[in-house]
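Only the coordinates and a few stated rules stand behind these numbers; no lab work does. Source: prediction; values computed, not measured. Because the Cβ atoms are built from the backbone with ideal geometry, glycine has one as well, and the counts that use them run over all protein chains shown.
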Amino acid sequence: MLEALASAVIYATQWDRNSPFVNPMCGSGTVAIEAAMIATNRRPGLFRTNYAFMHLRGYDERIYMQERKNLETQIKTIAGLLIIASDYSERAIENAKKNALAAGVKTLISFSVCDFEATEIPQGLAGIVFMNPEYGERLGEANKLEDTYGRIGDFMKKKCGGYFGYVFTGNLDLAKKIGLKAKRRIEFYTSTIDCRLLEYELYKGSKTIPKEKI
């Protein structure tokens, strides 16, 4: 997922930028990193050292450094901020850590290597769980992913009570396998793929969550 899309998707959620942000299946860490940057008011590209405008005639480095300093003073510290990112691939987590370090937010994210169902979900705190599973774009892949989408629904029901759950997918047929009724469906495009951000309100206790109609 591209950084701009990840940011837009996060802004479309119910996240208040203080409560836990849990990102199983984090891949290269883009979503978790963008969440950390949004929560702490870090501007995109703040850690870059070279821009095209620096090579234009009339560029004044003093003005640039002053504006950069102004943006740095706007960075916030959120006490107790919990951003959790996990993936079953050790290589993916290694890359995610490198990307988080480059973005200046590695210390703000708790990374772990595990299956998504084993991801830590802080209890007693209402946050969001965000997942971006594979879409099954190639012939035959979708059938193999049906079980994964079913497990996502079970994981949210059993472990994420009190949270808002989000699944970003480009395959609505697979999304039906989650088995939960989406409270909201927000349309996005990634390249030419028509995607949806599906929002699930995950209740604690015995409240019945109606199943998604097929």
Problem set entry | Cα-based helix-to-principal-axis angle, 30-39 vs the chain, degrees rounded to 10 | 60 degrees
For this session: Within 10 Å of each residue's Cβ, count the other Cβ atoms and sort Leu172, Leu145, Leu180 from fewest upward.
Result: Leu172, Leu145, Leu180
Seminar exercise, completed: Given pairs Lys106/Lys181; Lys76/Lys97; Lys106/Lys176; Lys106/Lys177; Lys76/Lys181; Lys69/Lys159 and cut-off 32 Å on Cα-Cα distance, the over-length ones are Lys106/Lys181; Lys106/Lys176; Lys106/Lys177; Lys76/Lys181; Lys69/Lys159
Exercise. For Kirkwood radius over Cα pairs in Å, the listed values are (i) 18.5; (ii) 17.5; (iii) 17.9; which was obtained by calculation from the structure presented?
Worked result: (i)
For this session: Counting other beta carbons within 10 Å of each Cβ, put Phe116, Phe53, Phe47, Phe130 in order, fewest first.
Result: Phe53, Phe47, Phe116, Phe130
For this session: Please work out how much length the chain gains when fully extended from Ile75 to Tyr59, using 0.36 nm per residue of separation minus the C-alpha to C-alpha distance, in nm with one decimal.
Result: 3.2 nm
Exercise. What percent do you get for the relative contact order of region 1-132 when only Cα pairs under 8 Å and 6+ apart count?
Worked result: 40 percent
For this session: Using just the helices of the chain, give the 222 nm mean residue ellipticity in deg cm²/dmol: DSSP H runs with n ≥ 4 each add -39,500 (n - 2.57), and the total is spread over all residues, rounded to 500.
Result: -10000 deg cm²/dmol
For this session: With a cut-off of at most 10 other beta carbons within 10 Å, and DSSP calling the residue loop, which trypsin sites (Lys or Arg not before Pro) in region 129-184 qualify? Please list them.
Result: Arg138
Problem set entry | Qualifying trypsin sites (Lys or Arg not before Pro) for region 55-123 [loop in DSSP, other Cβ within 10 Å: at most 14] | Arg57, Lys76
Seminar exercise, completed: Whole-Hz Karplus couplings 3J(HN,Hα) for region 179-185, θ = phi - 60° and coefficients 6.51, -1.76, 1.60, Gly and Pro as x, run x, 10, 8, 6, 6, 9, 10
For this session: Working from Cα positions, state the angle (0 to 90°, nearest 10) between the long axis of helix 90-103 and the longest principal axis of the chain.
Result: 40 degrees
Seminar exercise, completed: So, with points 7 Å from each Cα along the Cβ direction, the Phe47-Lys183 label distance in nm works out to 3.3 nm
